[in-house]
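What follows is a set of notes on a single structure, which appears directly below.
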């Protein structure tokens, strides 16, 4: 059963080289009466979050830049691990965050299908069953045999999207609604994305677009300075 549960979850980035900048931000924030995330043990990107997302919920993350939306998505996807507190994620995940990252530039498109599938928790045998469908959907043709460093950004995005959406996930994580490829590819990618979102047990999506949040999400978590300031049903 798909479920996400966080208890007193915090992500803390050490000061290191950012120490002087952090002090400067602290002085500016204090003088302007703004809250800040500067503490002795580091900078709190997320600060003591507790929430549960159950099967059937489609959750929008909203808030200003730097509020912690993308950091929270990265924690849920396993890129970051909690500095404090705990996180439990049940169900297989399709992470549509930063699709263009994580490719081995010297490996071919074909080889990258297997490399990225491993990152998504798929076995070689499972990927073997889907590899031809991934190649067909990407429309890369013979370029699939070429090193990824020879790809345009559009080609890379098509391959990344085709890999990430090739498995029916329990949980979808998305940073803004995706727009991939030229007009023809965009149309079929949008159809696939809509179907995935409809079929997913849980969706967590960060967005600045209020219309998308209202149309897609049933629940909204508002973040500010790494803290959830409201948890409500979507209007």
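Can you confirm whether residue 200 is at pLDDT 90 or above, in contact with a helix residue (DSSP H, G or I) (Cβ under 7 Å, 6 or more places away or on another chain) and crowded, with 20+ Cβ neighbours inside 10 Å?
So residue 200 does not fit the description; no.
Determine if the stretch 205-226 includes at least one residue that is over 18 Å from the mean Cα position of the chain (by Cα), in a loop (DSSP other than H, G, I, E, B) and in contact (Cβ under 8 Å) with a residue 24 or more places away in the chain. Yes, that holds for at least one residue. Against the condition assigned by TED's automatic domain parsing to the domain that holds residue 112 and either at negative phi or surrounded by 12 or more Cβ atoms within 10 Å (Cβ to Cβ) (or both), how does residue 220 come out, does it pass? Considered against the rule, which asks whether it is assigned by TED's automatic domain parsing to the domain that holds residue 112 and either at negative phi or surrounded by 12 or more Cβ atoms within 10 Å (Cβ to Cβ) (or both), residue 220 comes out as no. When residue 176 is tested against (1) touching a helix residue (DSSP H, G or I) at 6+ places or on another chain (Cβ under 6 Å); (2) modelled with pLDDT under 90; (3) closer than 17 Å to residue 65 by Cα, just one condition goes unmet, and that condition is (1).
Out of the stretch 79-97, which residues are within 10 Å of the chain's Cα centre (by Cα) and under 16 Å from residue 45 (Cα atoms)? 79 - this is the single residue of the stretch 79-97 that is within 10 Å of the chain's Cα centre (by Cα) and under 16 Å from residue 45 (Cα atoms). For the stretch 138-160, state whether one or more residues are farther than 22 Å from residue 104 by Cβ and in contact with a strand residue (DSSP E or B) (Cβ under 9 Å, 6 or more places away or on another chain). No, the stretch 138-160 contains no residue that is farther than 22 Å from residue 104 by Cβ and in contact with a strand residue (DSSP E or B) (Cβ under 9 Å, 6 or more places away or on another chain). Note on the stretch 88-113: residues that are buried (at least 17 other Cβ atoms within 10 Å of the Cβ) and touching a residue at least 60 places away in the same chain (Cβ under 8 Å) amount to 7. For residue 126, the conditions (1) outside the structural domain of residue 209 (by TED's automatic domain parsing); (2) surrounded by 16 or more Cβ atoms within 10 Å (Cβ to Cβ); (3) under 22 Å from residue 200 (Cβ atoms); (4) modelled with pLDDT of 90 or more are fulfilled apart from (2). Looking at the stretch 1-120, the helices (runs of 4 or more DSSP H) lying wholly inside it that each contain 3 or more residues that are within 30 Å of residue 156 (Cα to Cα), in contact with a strand residue (DSSP E or B) (Cβ under 9 Å, 6 or more places away or on another chain) and modelled with pLDDT of 90 or more sit at 69-77.
The values are calculated or read from the model by the stated rules, or taken from the named source; none is laboratory data. Since the structure is predicted, the reported quantities are computational estimates derived from the model, not experimental observations. Note that we place each Cβ from the backbone using ideal geometry, even for glycine, and neighbour counts take in every protein chain shown.
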